[in-house]
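Novice: The structure that follows is given in the form of structure tokens.
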Amino acid sequence: MPPNPFSAQKIPTSPRPLNYIEMDLRKKILQTSTGKQLSEYQLNLLTKNNIETELDFYNAKDQKLHKLLAIKLESVLELKKQLAQQAWVSDTFLETVDEWDFGTGIEELDNLLDSIAQPFRRGRVWELCGQTGVGKTHLLYTLALNFVWKHKRQVLFIDTKQDFSTERIQDMLLERKVDQETSVKAMERIQVVDVPTPEELIDVLKALDQQMTDDVQTALQTKVVLVDSLAACFVDHRGSDMRMMRNSLLTEVACRVRKLAVRGVAFVIGNISFSGQDADCSDDDDIVMEEDGNSDSEQSTRQQIEPMLGAYWSSVCTLRLSLELPESTDCGDSYDGIGDIDSQDDGLRMVNVLTNSYGPVGDTCLLQITDAGLV
């Protein structure tokens, strides 16, 4: 039997500390069109508030920078965007604008993203929320396949649930009527890493950043990171007594994600949603492992759905999408890509924009679950 290209291998972590050399933040800011409008006094305010590197600036909350520098919130977002574009060039990612815009490969979703000023491109940090069994994993598989198919670049798929299914990817390729050579190449470009704990997730992100610093070609070819799902690796950190440890680890994860985003890596991070009536979950006291299967028969309205991991994590991603059953769907069954869609489930799903740093919220689009992926 030929070797399985999906044998999960953890990226080797570097035994030495990261040596990420950053140009003086002031110089970088003054190289941007937005930053040139800042005064010497405003730049000094950054230093006085311990914002001394590009990562410090990127990690600072938008509202804090808005008040500190006394500039419009839109200017803060534009300045962060321009700094990120500088990082792409400095890392020799000298590509055309078209190559910056990845697209999801799902027409209706791309139309929605364009309408809210959030096309899928380099440096994006998105969150994909949804209740257990609604189809988040199937959507992440679809995004992975569509990306490697179109761009012929690597995707890093971080599997925290330890249930990545090679068979599902193979079935999706068969439904797309892909020839064997193309199928093998597509599968080889999806690098799966088994990461059951937040500490191991941090190690993987550190290793990827170090390898990019060291000009390792496989790392430089990795343009998209998919995480399925973040809440699952925090299953052992639930409860009020673990809150401080959980928040500390979440902060470290957020810093690592943002640092890679500045280098042009796009993230789509899965998270579990719970219904608002489950008040105990609101402070993450009930973080649970997500399993494929049917969700509760009682459907919650969109206003009642809340993602896990608390208020801090909600500020990390620039876009939070929710995958839901349409309100018109009155069946209680759900689908996450395992086996056939139940006869009571027509496979229709709604993508709802919950939060958006760059544009409107509340917009939606409808997608259809098929054996070839979501379309």
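Rundown of residues vs (1) of a type in the set (Val, Ile, Thr); (2) part of a helix (DSSP H, G or I); (3) surrounded by fewer than 18 Cβ atoms within 10 Å (Cβ to Cβ); (4) touching a residue at least 12 places away in the same chain (Cβ under 8 Å), yes/no style:
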position	(1), (2), (3), (4)
Gly133	no, no, no, yes
Thr137	yes, yes, no, yes
Leu140	no, yes, no, yes
Lys150	no, yes, yes, yes
Phe157	no, no, no, yes
Lys161	no, no, no, yes
Met172	no, yes, no, yes
Val184	yes, yes, yes, yes
Pro196	no, no, yes, yes
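Novice: Then there's this: Only residues that are farther than 19 Å from Ser115 by Cα and either of a type in the set (S, T, N, Q) or not in a strand (DSSP E or B) (or both): list them for segment 347-375, please.
Specialist: Correct list: Gly347, Gln368, Thr370, Asp371, Ala372.
Novice: Do any residues in segment 54-73 that are under 15 Å from Thr32 (Cβ atoms) have Cβ atoms under 7 Å from those of residues that are in a loop (DSSP other than H, G, I, E, B), where the two are at least six apart or on different chains, and which pairs are they?
Specialist: Note: pairs meeting the criteria are Glu54/Glu22; Phe57/Ile51; Leu69/Leu38.
Novice: So, Arg256, is that one in a helix (DSSP H, G or I), open to solvent by 20 Å² or more (accessible area, probe 1.4 Å), in contact with a Leu (Cβ under 7 Å, 6 or more places away or on another chain) and free of Cβ contacts under 8 Å to residues at least 60 places away in the same chain or not?
Specialist: Working: in a helix (DSSP H, G or I): yes; open to solvent by 20 Å² or more (accessible area, probe 1.4 Å): yes; in contact with a Leu (Cβ under 7 Å, 6 or more places away or on another chain): yes; free of Cβ contacts under 8 Å to residues at least 60 places away in the same chain: yes.
Yes, satisfied.
The values are calculated or read from the model by the stated rules, or taken from the named source; none is laboratory data. All values reported here derive from a predicted model rather than from experimental measurement. Cβ: placed from backbone, ideal geometry, glycine included. Neighbour counts: every protein chain shown. What goes into the accessible areas is simple: the full protein's heavy atoms, side chains included, and nothing from ligands, DNA or RNA. Shrake-Rupley method; radii C 1.70, N 1.55, O 1.52, S 1.80 Å.
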